[in-house]
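This report concerns only the one structure given below.
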Amino acid sequence: MEDTVKTMPVIALRGLAVLPGMTVSFDISRSKSIAAVEKAMVGDQKIGLFTQRSPEDADPDLGQLYHVGVIAHIRQIVKMPGGIVRVMVEGETRAELLDLDSLEPMLCGEVMEAPVQQWESDHAAAEAMSRVLKEKAEEYGRQHPKFSKEILPSLLSCDSLSQLMMRMASEMPWDYKIRQQYLEAMGELEQYEVLVGNLISEIEISRIRKEFQEKVKESIDRNQKEYILREQMKIIREELGEDSVSEADDYERQLRSLKADREVREKLKKEIDRFKTMPGGSQEANVLRTYIETLLELPWNKTSKDNNDLKHAEKILEEDHYGLEKVKERVLEYLAVRILTKKGAGPIICLVGPPGTGKTSIARSVARALGKKYVRISLGGVRDEAEIRGHRKTYVGAMPGRLVDGLKQAGVANPLMLLDEIDKVSSDYKGDTSSALLEVLDGEQNVKFRDHYVELPIDLSNVLFIATANTTQTIPGPLLDRMEVIEVNSYTENEKFHIAKDYLVEKQLERCGLTDKQVSISDGALKKIIHNYTREAGVRNLERRIGEIFRKAAREFLENKKSVIRVTESNLEKYLGKERVTFEDVNDEDQVGIVRGLAWTSVGGDTLQIEVNVMPGKGELKMTGQMGDVMKESAQTALTYVRSICPEYGVADDYFSRHDMHIHIPEGAVPKDGPSAGITMATAMLSAVTNRKVRADVAMTGEITLRGRVLPIGGLKEKILAAKMAHMKTVLVPEKNRADIAELSKEITKGLKIVFVKEMADVLREALA
């Protein structure tokens, strides 16, 4: 018998597969599908039904349809609201789609009938297969009561295998893809295998789902039971006035989620068990409650993820601070080493410098650059060792030390901890605070730091410590030895100008509620404020002066209704008054017995004009101007050296026995000390004795020995800045300070002739006119 190919209208079904003998209704809304139905109704009411491979395809072609479907007879069509047509069809024959014409107005295909190949089987085999299907259907029905009640009886009443298979394929609550799989099976035996395979799979899925549901139900029942029992216990405790057990339960829950070492967990478990046995209102229970809560709040092994991006860290540091190159460089070096070694142990840095130079703020900036939590601990005036190590928990009001409290505040074990004003800790009869810090700031020991209150070793090795100090003189030697000292020197006027322009002006504008469009301050005005209204190493007073200008500008802005206020050099006096700082400039002419020395002060460098007068007398040396002991000794040394070389300058042997000498350093109210004015005093003495003039444009600094050697001194950057401010042309510096001069920026030394001297002979050769 030849296969017949028919051309007929086709509907592409979405999410639906129709089998032969199956009656089904479905809705259609696509114009091509409606046109196909209308075409079929005009003819023999036969239509091809083929399922789409993907329901999302709006206009499928031949490749997007399954090629096996059915030829169906349209029984009924009903037009619904919204342009929808409901179609009832009865599947008649299994068919194969050979070609498809998808042009408007409808889908039209070449369809060939493809009946299933009959399986020649004996009665016994057919009966066995039927029983297997019915048994599996019954097993499926036991897991799905609705199926068992509505569909199963009709399936079990089927006599023939083919009828049973057709009914099962049509009526089982399966996905359309399984029906399509059944439809595509070439023979009855293959169709049987599809049915049995899917039945077994569905039964197994149902079994697993049921097991999960039972487990969930069991868990819910258990939790419900525990909840009821706990509520009953809670009511009983409330009646008895006890609540310690419920608190203990809460502590145990927190302990289970605590990231800590075994030693810590065991100690906590032991203390919680003790707490359970104590009466709720007892004093000991209160002490233990505070102790347990403190231990639970500490970040034992909890760390934050640091930012290991070098470029990001450099950008943040540059954004927040101008200058401070050594500090930035050291932080970036630490970060680079940590990236390579994967270890968190950091250096213990001590930033030493005058007030207002940005030591505290750079620490906050470092924390932001590295992505660390920031904790500041102020040590100024701390004199009790327990402030560092904590009190024993047996004392009333006992609490952990500031370091442990800082860790608790940070919430992580690897914060950046700023130990502010470490040079101002003191000691009393209760203990030495600086000695308590020795263990904290020792990288080998702080792995197991013991706080008296906590009584457990705390790892501080992951903490990045940065200490700040104004001077190292008051820091004990052993403590200073444990820290890496980085000097934060005074700012130059140029650095102050950039800091003011880039940071301080914007900050003070914001504080005063102004914008740069309302108030502007010229570069010249900023430079004049720095030079004539402030005298400091840092920028605190500079910030105050800028704030003072903006406060007055804010008042003026509101009272006079001005749209823009411009502050320039010419009107600066209106906002800040008369100039407050004057610098002693270079003398107009060379003089006898007057030499310009250089000094370091807490607010930066300064020039000292040392004056020496010689008068008839008995050889006495008078010293005035609040000179300290070291400076007086230096003056005696200078005099001895001058007396030893006077014969070379034609001075009579009995000159010093017939003359008195008076050394005076102006600004007598200001105390002065140190050996660095030695060569200055020696030069002034020799100039007065020999009546030779000293060059007015020369400044000098250096310690002198009895034999006239020049020794190195400190505070060189500040001293060179002071010389530059006084418009000196030549500065005499000890030869052994050559390395210090090399570290100074060109901006500081520009315009100055730096002369390195080894002996007083070198000094006198340069200084005497």
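Numbers at a glance
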| read-out | value |
| --- | --- |
| Amide proton proximity set for E487, modelled H, under 5 Å, gap of 5+ | V352 |
| For K373, residues with placed amide H under 5 Å, excluding near neighbours | L416 |
| DSSP-defined antiparallel bridges as percent of all bridges, the stretch 493-621, nearest 5 | 75 |
| Rounded tilt (10° steps) of 188-240 against the dominant C-alpha axis of the chain | 50 |
| FRET efficiency estimate (nearest 0.05) - Cβ-Cβ, E548 to K618, R0 56 angstrom | 0.50 |
| Residue pairs, from the table K6/K39; K136/K217; K372/K527; K328/K746; K359/K632, whose Cα atoms sit over 25 Å apart | K136/K217; K372/K527; K359/K632 |
| For the stretch 154-195 and the stretch 713-769, distance of Cα centres in Å | 105 |
| Descending semi-axes in whole angstrom, ellipsoid equivalent of the stretch 586-673, from the Cα gyration tensor | 26, 15, 12 |
| Cα long-axis angle, helix 716-725 against the chain (0 to 90 degrees, to the nearest 10) | 70 |
| Accessible surface of the chain [probe 1.4 Å, protein heavy atoms]: carbon and sulfur percent | 49 |
| Solvent accessible area, Å² - W300, 1.4 Å probe, full protein context | 30 |
| Debye log10 I(q)/I(0) for the stretch 683-766, one point scatterer per Cα, at q = 0.17, 0.20 Å⁻¹ | -0.68, -0.92 |
| Calculated SAXS-style log₁₀ I(q)/I(0) at q = 0.19, 0.27 Å⁻¹ - the stretch 645-727, Debye, Cα scatterers | -1.07, -1.49 |
| Within the stretch 448-557, trypsin sites (Lys or Arg not before Pro) in DSSP loop having at most 11 other beta-carbon neighbours inside 10 Å | K517 |
| Accessible surface of V24 - all protein chains present, 1.4 Å probe, nearest 10 Å² | 20 |
| For the stretch 286-302, Karplus couplings with θ = phi - 60° (6.51, -1.76, 1.60), whole Hz, Gly/Pro x | 5, 4, 5, 4, 4, 5, 4, 4, 5, 5, 5, 7, 6, x, 4, 10, 8 |
| Per-pair calculated FRET efficiency, R0 = 60 Å: H664 and T290 via Cβ, rounded to 0.05 | 0.40 |
| The stretch 34-98, dipole about Cα centre (Lys/Arg Cβ +1, Asp/Glu Cβ -1), debye to the nearest 20 | 280 |
| Overall dimensions of the stretch 465-513 as given by Cα atoms, namely Rg and Dmax in Å | 16.6, 49 |
| ³J(HN,Hα) computed for each position of the stretch 487-494 - Karplus, 6.51 cos²θ - 1.76 cosθ + 1.60, integer Hz, glycine/proline x | 7, 9, 7, 5, 8, 6, 4, 5 |
| In Å², nearest 10: area of D57 left accessible to a 1.4 Å probe | 40 |
| Heavy-atom accessible area per residue - the chain, 1.4 Å, Å² | 52 |
| Helix 540-559 vs. the chain, principal-axis angle (Cα, 0 to 90°, nearest 10) | 70 |
| The stretch 607-658 - Kirkwood radius from inverse mean 1/r over Cα pairs (Å) | 12.5 |
| For the chain, calculated [θ]222 nm from helices alone, where every DSSP H run of n ≥ 4 adds -39500 (n - 2.57) | -13500 deg cm²/dmol |
| Sequence of I220, I665 from largest to smallest accessible area, 1.4 Å probe | I220, I665 |
| Extension gain, D653 back to R131 (0.36 nm per residue minus Cα-Cα distance, nm) | 173.6 nm |
| Accessible-area ranking of D44, D273, D451, largest first, probe 1.4 Å | D44, D273, D451 |
| For q = 0.08, 0.09 Å⁻¹, Debye-computed log10 I/I(0) when each Cα of the chain counts as one equal scatterer | -0.87, -0.97 |
| Spin-label model distance (nm) - E110 vs D250, 7 Å beyond Cα toward Cβ | 8.2 |
| Contour minus Cα-Cα distance for Q213 and L744 (0.36 nm per residue) | 183.4 nm |
| 3J(HN,Hα) from dihedral phi, the stretch 653-670, Karplus parametrisation 6.51/-1.76/1.60, rounded to Hz, x for glycine, proline | 5, 8, 4, 6, 7, 9, 10, 9, 10, 10, 9, 10, 10, x, 6, x, 6, 9 |
| Of every Cα-Cα pair in the stretch 504-591, the percent that sits beyond 23 Å | 26 |
| Rounded FRET efficiency, nearest 0.05, which uses the C-beta distance separating K79 from D44 and R0 of 22 Å | 0.55 |
| Order of exposure, largest accessible area first, which applies to H144, H727, H123 with probe 1.4 Å | H123, H727, H144 |
| Interchain or long-range residues, amide H under 5 Å from G21's placed H | G91, E92 |
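The values are calculated or read from the model by the stated rules, or taken from the named source; none is laboratory data. Every value quoted in this text rests on a predicted model; they were computed, and no experiment measured them. With ideal geometry, Cβ positions are generated from the backbone for all residues, glycine too; neighbour counts draw on all protein chains shown. SASA here: full protein model, heavy atoms, side chains in, ligands and nucleic acids out. Shrake-Rupley method; radii C 1.70, N 1.55, O 1.52, S 1.80 Å.
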